[in-house]
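The values are calculated or read from the model by the stated rules, or taken from the named source; none is laboratory data. Predicted, not measured: the structure shown is a model, and the values here were computed from it. As a convention, Cβ positions derive from the backbone with ideal geometry for all residues, glycine included, and neighbour counts pool all protein chains shown. Accessible surface is based on the protein model in full, side chains and every heavy atom, while ligands, DNA and RNA are left aside. Shrake-Rupley method; radii C 1.70, N 1.55, O 1.52, S 1.80 Å.
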Amino acid sequence: MELNKIEKILEKYFQGETTIAEENDLKEYFSSSDVAQHLEQYKSMFGYFSQVKEQRSMQEIPLQTKKRNVAWLSIAASAVVLLGIGTFFYLSKKSTTPVVAQSELGTYDNPEKAFAETQKALALLSNHVNVGIESVQYIKEYEQSKNKVFKQ
């Protein structure tokens, strides 16, 4: 075989673009005794491929597989799900307060009592608003003092 043709096929081989026939040509060339000196390094690689191709494994492969008992797995999964659902309902009943107490929160049957309670709530709110307004007055005084010191 021509040396130029072998070099082109070898280049295509390393690019991964060869056909099976071209690869067989390479194997045949490198198995012969007249390999070019600069291609001698590839001889062992193609020799290895042909040697490995002839090897056969004599080890016996066991065909029996371990079967898992799927029924027990599904029963265990069902038990875990039921336990989770039961725990959820048990804890949710314990933590909730009676619905009657929540529905009666903030309602009065007597209008006078409702009015008095509303006045208490508004007075408390007013006190807190007044404290906030006093704080704003301090901030205004601070701004005026700052403007006097740092004339802008």
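At 0.36 nm per residue, and after removing the present C-alpha to C-alpha distance, how many nm does the segment from Tyr142 to Leu3 gain when stretched out fully?
Numbers: separation 139, 0.36 × 139 = 50.04 nm, distance 9.63 nm.
Once the chain is fully extended between Tyr142 and Leu3, it gains 40.4 nm.
With the highest mean first, a sort of the peptides 114-120, 70-76 on other beta-carbon atoms found within 10 angstrom per residue produces 114-120, 70-76.
With the contact rule set at Cα under 8 Å and sequence spacing of 6 or more, what percent relative contact order holds for the chain?
On the way: 25 pairs, mean separation 15.0, N = 152.
The value is 10 percent.
Label positions at Ser44 and Val149, each projected 7 Å from the Cα along the C-beta direction, are separated by 8.6 nm. Exceedance of the 30 Å cut-off in Cα-Cα distance is limited, within the set Lys8/Lys53; Lys5/Lys53; Lys93/Lys113, to Lys93/Lys113.
With a 1.4 Å probe and every protein chain kept in, tell me what percent of the accessible surface of the chain is carbon plus sulfur. Intermediate values should be presented prior to the final figure.
On the way: 8340 of 14170 Å².
Carbon-and-sulfur percentage of accessible area, whole number: 59.
Run the reach check for Lys27 against aspartates and glutamates, Cα to Cα strictly under 17 Å, same-chain hits fewer than 8 apart removed. What comes back? Candidates past the 8-residue exclusion: Glu2, Glu7, Glu11, Glu17, Glu40, Glu54.
Think of the chain as having a plus end and a minus end, set by charges on the Cβ of Lys, Arg, Asp and Glu; of Leu82, Gln51, Tyr108, Tyr108 sits farthest toward the positive end of this dipole.
The modelled label-to-label distance for the pair Ser32/Phe14, using points 7 Å beyond Cα in the direction of Cβ, is 2.2 nm.
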